[in-house]
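Trainee: The structure follows.
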């Protein structure tokens, strides 16, 4: 059975994409920790990161860095945090979010009532920063 992320990748569910390539996509979280909180998701359904092909993990790490650079450019946080959890959706994904303190990575603080227009605005900000940094994989 397809995960919600596979349905998003296939266009069956909406998302604010910021990156698309042959291996993965990146889109904004609907329950962001901070504006710009992005999920990097492989196109292939893999539940646990331990089961992913090493090449896929390397690629996801590289895309995570690219997204992280865009978040640094766009939001000027103290750092950009990255995590692999995988408890909420059984499809490997990396969370990348601007942070100013360790509590910014606490999912108890996620905005479960984020407005779609705020998520769309953050996606436009991330896409603009990716373009400024010269990435060609920016989702339109």
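The values are calculated or read from the model by the stated rules, or taken from the named source; none is laboratory data. These numbers come from a predicted model, not from an experiment. No Cβ is skipped: glycine too gets one built from the backbone with ideal geometry, and neighbour counts run over all protein chains shown.
Trainee: Quick check on this structure: which one of 136, 97, 101, 64 is free of Cβ contacts under 8 Å to residues at least 60 places away in the same chain, surrounded by 14 or more Cβ atoms within 10 Å (Cβ to Cβ) and either under 26 Å from residue 4 (Cα atoms) or out of contact with any strand residue (DSSP E or B) (no Cβ under 9 Å at 6 or more places or on another chain) (or both)? First the steps, then the outcome.
Mentor: On the way: 136 fails: surrounded by 14 or more Cβ atoms within 10 Å (Cβ to Cβ); 97 fails: free of Cβ contacts under 8 Å to residues at least 60 places away in the same chain; 101 fails: surrounded by 14 or more Cβ atoms within 10 Å (Cβ to Cβ).
Result: 64 is the single residue among 136, 97, 101, 64 that is free of Cβ contacts under 8 Å to residues at least 60 places away in the same chain, surrounded by 14 or more Cβ atoms within 10 Å (Cβ to Cβ) and either under 26 Å from residue 4 (Cα atoms) or out of contact with any strand residue (DSSP E or B) (no Cβ under 9 Å at 6 or more places or on another chain) (or both).
Trainee: Also: Residues of region 110-133 being over 21 Å from residue 73 (Cα atoms), part of a helix (DSSP H, G or I) and touching a residue at least 60 places away in the same chain (Cβ under 8 Å), which ones?
Mentor: Matches in region 110-133: none.
Trainee: Follow-up question, since we're still on this one. Does residue 73 fit the bill of being in contact with a helix residue (DSSP H, G or I) (Cβ under 7 Å, 6 or more places away or on another chain) and more than 15 Å from residue 94 (Cβ to Cβ)?
Mentor: Working: in contact with a helix residue (DSSP H, G or I) (Cβ under 7 Å, 6 or more places away or on another chain): yes; more than 15 Å from residue 94 (Cβ to Cβ): yes.
It is true that residue 73 is in contact with a helix residue (DSSP H, G or I) (Cβ under 7 Å, 6 or more places away or on another chain) and more than 15 Å from residue 94 (Cβ to Cβ).
Trainee: If you scan region 99-109, which residues turn out to be assigned to a helix (DSSP H, G or I) and either on the phi > 0 side of the Ramachandran plot or in contact with a helix residue (DSSP H, G or I) (Cβ under 7 Å, 6 or more places away or on another chain) (or both)?
Mentor: In the first step, residues of region 99-109 are kept if they are assigned to a helix (DSSP H, G or I); the result is 102-105, 107-109.
Scanning region 99-109 gives 103, 109.
Trainee: Checking the conditions here, which among 7, 20, 34 is at pLDDT 95 or above, touching a strand residue (DSSP E or B) at 6+ places or on another chain (Cβ under 9 Å), surrounded by fewer than 17 Cβ atoms within 10 Å (Cβ to Cβ) and at negative phi? Steps first, please.
Mentor: Numbers: 7 fails: touching a strand residue (DSSP E or B) at 6+ places or on another chain (Cβ under 9 Å); 34 fails: surrounded by fewer than 17 Cβ atoms within 10 Å (Cβ to Cβ).
Going through 7, 20, 34 in turn, just one is at pLDDT 95 or above, touching a strand residue (DSSP E or B) at 6+ places or on another chain (Cβ under 9 Å), surrounded by fewer than 17 Cβ atoms within 10 Å (Cβ to Cβ) and at negative phi: 20.
Trainee: Determine whether region 105-121 contains at least one residue that is surrounded by 14 or more Cβ atoms within 10 Å (Cβ to Cβ), over 13 Å from residue 27 (Cα atoms) and touching a strand residue (DSSP E or B) at 6+ places or on another chain (Cβ under 7 Å).
Mentor: Within region 105-121 (the criterion being surrounded by 14 or more Cβ atoms within 10 Å (Cβ to Cβ), over 13 Å from residue 27 (Cα atoms) and touching a strand residue (DSSP E or B) at 6+ places or on another chain (Cβ under 7 Å)), the answer is yes, since at least one residue qualifies.
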